[in-house]
Amino acid sequence: MLHTITKNRKILETELGKLYAIWLREFKVFLREKSRIIASTFTPLLWLFVIGTGFGSVVNSPAGVSTIGGIAIDYQKFLFPGIICMSVTFSSVFFGSYIIWDRKFDFLKSVMVAPVSRTMIFVGKTLGGMTTSLIQAAILLAIGLLIGIHYDPISIVMIVVVILLLSFALTSLGLTIGSYIESLEGFQFIVSFVVFPLYFLSGALFPLNNLPTWLSALTTLDPVTYAVDALRETMLGSGKNLFLTDLGILLISVIVLGAIGILSFRRMKAV
């Protein structure tokens with residue numbers, strides 16, 4: 001019995017070591033690309049302060065923006081949860097492009113022939129994408145204090161959980177797309193048809209009440225919708241759904257997209 005426990009523990013430690021090595025490589029690549037960090041922060045800030053202020057000057061009435069339940073909120077604050085999700089969405093889905101780079105430089109071939117399962121490779125890369133998304137979101141969360149967004153320890157935990165779930169789901173989606181495409185240009189072309197609908201249909205820019213039926217149906221199918229709503233509920237108290245409802249749907253998205261990603265990795269050719 002003791003021998004079996006010891007053997008299983010060694011196997012677990014070995015597998016976790018492989019997972020850590022893959023994650024660490026992705027994390028170091030991110031830290032070395034200073035321009036990527038700057039660019040991933042600049043675009044959301046542009047939306048927050050330029051689009052948020054510009055549209056806010058038109059949208060804001062003396063009572064503010066009327067959102068769910070008649071709660072009045074300044075448009076820039078209303079936009080902020082959507083900006084967080086925009087950063088996570090773009091960085092997570094485009095993370096799949098690194099599969100193509102790895103394939104070009106034969107790093108992927110080296111990993112594929114290593115004594116590690118493709119499922120572990122997929123999970124390790126997904127965790128790397130989640131880490132980079134969380135770092136970018138943390139920078140934006142700090143900037144949120146400047147526009148009057150307040151946090152407490154519980155809300156921070158809830159926000160982090162939402163970000164990680166959304167990032168895992170969309171990184172899985174990006175890696176799935178990357179596993180089938182060999183050209184970086186082709187990847188960017190395809191992803192453009194994925195990222196922008198995910199963001200614009202999420203309700204990040206407008207309230208989801210009183211929408212036309214066809215548009216409401218599309219927003220319901222978008223997993224980013226539930227992340228935006230969960231963050232809006234946590235930060236502003238104006239979510240359309242209960243937080244646990246949003247969290248449950250995000251978890252389903254993680255399971256579905258994660259399973260699809262694992263199957264895609266198992267079929268992927270290294271070259």
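Nothing in this text is a laboratory measurement; each read-out follows from the coordinates by a stated rule. All values derive from a computational prediction rather than experimental measurement. Using ideal geometry, Cβ is built from the backbone for each residue, glycine included, and neighbour counts are taken over all protein chains shown.
Using the rule -39500 (n - 2.57) for each DSSP H run of four or more residues, divided by the residues of the chain, the 222 nm mean residue ellipticity is -25500 deg cm²/dmol.
Compute the separation of the alpha-carbon centres of segment 25-53 and segment 176-207 and state it in Å as a whole number. Measuring centre to centre over Cα atoms gives 18 Å.
Over segment 2-267, Cα pairs under 8 Å with separation of 6+ residues give a relative contact order of 25 percent. The packing ranking, built from the mean of other Cβ atoms within 10 Å per residue, places the peptides 243-251, 87-95 in the order 87-95, 243-251, highest first. Of the labelled options (i) 13.3; (ii) 16.7; (iii) 12.5, which one gives mean projected area of the Cα convex hull in nm² as computed for this structure? Given (i) 13.3; (ii) 16.7; (iii) 12.5, the calculated one carries the label (ii). With the highest mean first, a sort of the peptides 118-127, 257-266 on other beta-carbon atoms found within 10 angstrom per residue produces 118-127, 257-266.
The translational diffusion coefficient of segment 222-266, from Stokes-Einstein at 10 °C and 1.306 mPa s with a Kirkwood hydrodynamic radius over alpha carbon pairs, comes to 143 µm²/s.
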